[in-house]
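Trainee: Below is one structure. I have some questions about it.
Just so you know, all these numbers are worked out from the coordinates, no wet-lab data involved. These numbers come from a predicted model, not from an experiment. Note that we place each Cβ from the backbone using ideal geometry, even for glycine, and neighbour counts take in every protein chain shown.
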Amino acid sequence: MQEEFVMRKAEKELKKQLRQDVEIPSVVREKTDMAFTKIKNEAKQDEAGKTGRVFMPRKRIAIVATVLTLVIGTGTLAGVQYAKWSDGVNISVHGTHKQKEKLEKQGYTSYPNVSVTRNGVTVTVTQCIADSYGAVISLKVEGYQPPKGKAATFGKLRFPDSRDTMSAGGGGFYEVSSNEDGSSNTVKEDGTMEYIIGLSACERGSLLNHRISIELIDIGYDLGKNEMKIEKKGVWNLEWILKGSNESQKFDINKEFGNTDVKLVSAEISALGLELISDYPKGCKYADMNGEHQPPSFAGVKMKDGKVYTYESVVDGSGEQFETGSSGKLYGKFTETVTTKKILEVKQIKALLFFKKSAGDSETYKAEDYYEIPLEVEK
């Protein structure tokens, strides 16, 4: 069964979210890391024996978001919702009203209004937010409602012919409210439901202005323990051209991560993503926090006002790839593509942060746990 994510946030945590600095408990971080280690290992097995470019998805929160549940009480976000944006999109992309308005003007958002109906259930692509690094997609589901107190779920979410464009993707129903027994309500007041999909680009620009193909298979409700009750069978196929913005700012950096012999060559940053290119010399002995012989991975940003936004509050997902012409141990150009859930104001970023080691919950991180690479941003 397609792993679902429900987006909820307890009222006592709402103020933290409005400050756009959402923290993930250490137990959640541990479970997501374990899940993505498995995904990464499987990717390596798929690429065994190949040379040249090797893509390895690293962390995509949406894929394992049954572990990561953000709880939102009914109506708690009404006062901060940006006009036109759906409930689920507002939760997926954190930012102020002014920042969201700017995204609209810059062309990051689109409203495809593409629909398909099967077995009395209509699924419509209502909104997309996309840049060169990834996308958030909102689908409206009409014609089916699960029993009261049950969370809707699709049997499978597939992305046909996506290997060359997409690094990872996942989705789940937006949770309108939660019950005392912990069960979920996914039906809105108007009787519709919202399904949110997150995508990461395989490499910069591989998704933008390309045809997106999605398949949703069977719909019903969650029984727990990775099981569901199918109530309406069918395959909902949706295709459209993903529109968005390729606006970004590039930085030539050429700075070493400590004394590792590994350099961050350049960074290209947009409001919703980053492309980070490093050089890993042939024969280098440096290993990252997971014991991999590759450059340190992105950990967050340090702002000019002194605020530090860590991995949990910034990163939605990321992918990595080496590019080398030799077989055996990988080396040379290394690209990390990051999609963010926090709107980044590039001119306000003072430095990029990279992991030296895994330290569990971000509350336990100290300055010495990061490599800090300063940015020279034009005023």
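Trainee: Taking the highest mean first, how do the peptides 108-114, 232-238 order by number of other beta carbon atoms within 10 angstrom per residue?
Mentor: 108-114, 232-238
Trainee: Just need the relative contact order of segment 179-234 here, percent rounded to a whole number, with Cα pairs under 8 Å and 6+ apart.
Mentor: Averaging sequence separation for qualifying contacts and normalising by length gives 19 percent for segment 179-234.
Trainee: Which entries in K100/K366; K156/K302; K255/K366 show an alpha-carbon gap greater than 27 Å?
Mentor: Pairs exceeding 27 Å: K100/K366; K156/K302.
Trainee: Starting from the amide H of H94, placed 1.01 Å from N in the peptide plane, find each other amide H under 5 Å away whose residue is 5 or more places distant or on another chain.
Mentor: K342, I343
Trainee: Related question: What number, in percent, do you get for the relative contact order of segment 233-314 if the mean sequence gap of Cα pairs under 8 Å and at least 6 apart is divided by its residue count?
Mentor: 16
Trainee: Packing-wise, with mean Cβ within 10 Å as the measure, how do 137-148, 284-295, 310-321 rank, highest first?
Mentor: 310-321, 137-148, 284-295
Trainee: Using only alpha carbons, build the gyration tensor for segment 248-374 and give me the equivalent ellipsoid semi-axes, biggest first, whole Å.
Mentor: Equivalent-ellipsoid dimensions as semi-axes: 23, 17, 13 Å.
Trainee: Over 28 Å between Cα atoms: which of K243/K304; K225/K329; K102/K150; K282/K341; K140/K229 fall into that group?
Mentor: Over 28 Å Cα-Cα: K243/K304; K225/K329; K102/K150; K282/K341.
Trainee: Please list the non-local residues whose amide H lies under 5 Å from the amide H of S177, H modeled 1.01 Å from N, same-chain partners needing a gap of 5 or more.
Mentor: Close amide H contacts, sequence-distant or interchain: N185.
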